[in-house]
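Heads up, the thing below is written out as structure tokens.
The values are calculated or read from the model by the stated rules, or taken from the named source; none is laboratory data. Worth saying up front: this structure is predicted, and the values here are computed from it rather than measured. Cβ sites come from the backbone with ideal geometry, for glycine too, and all protein chains shown count toward neighbours. Ligands, DNA and RNA are excluded from the accessible area calculation, which covers all protein heavy atoms including side chains. Shrake-Rupley method; radii C 1.70, N 1.55, O 1.52, S 1.80 Å.
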Amino acid sequence: MIDRTERQLLRRWITLIAITGTSVAAVRFAGGMAGLALVLCLATLKTRFVVLDFMGLRHNRTMARALVGWGVVLAVSAALKDVIIAFASG
């Protein structure tokens, strides 16, 4: 993190670990489409934290939007693929 205190860095790390734990729990207990949707949303949130805080792109909005947008595109593509497979299999 650029221009951040150690306390803020620790908070972000704990947040990322908590989000990762929530993703693991979602895969384990939610299952199916609901679990996938939750995991993809959490992955997009983690992407935002990493891009803005750890890569230091908070002030370079164009690059930050491009990287977070790319994560959103990948998440939406994965969700659409799962929906198509679910409907195709009956």
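Some points to look at:
- Residue-wise HN-Hα couplings along segment 78-90, as the Karplus relation 6.51 cos²θ - 1.76 cosθ + 1.60 with θ = phi - 60° gives them from phi, are 5, 5, 5, 4, 5, 5, 4, 5, 5, 6, 6, 7, x Hz; Gly and Pro carry x.
- Restriction of the trypsin sites (Lys or Arg not before Pro) in segment 13-90 to DSSP coil positions whose beta-carbon has at most 14 other beta-carbons within 10 angstrom yields Arg58.
- From the coordinates shown, mean projected area of the Cα convex hull in nm² corresponds to which of [x] 5.8; [y] 6.2; [z] 7.2: [y]
- Average accessible surface area per residue within the chain, 1.4 Å rolling probe, Å²: 72
- Residues of segment 30-49 with amide N under 20 Å of a point placed 7 Å along Cα→Cβ from Ala88: 32-34, 36-37
- Rolling a 1.4 Å probe over the protein heavy atoms of the chain, with every protein chain left in place, gives an accessible area that is 68 percent carbon and sulfur.
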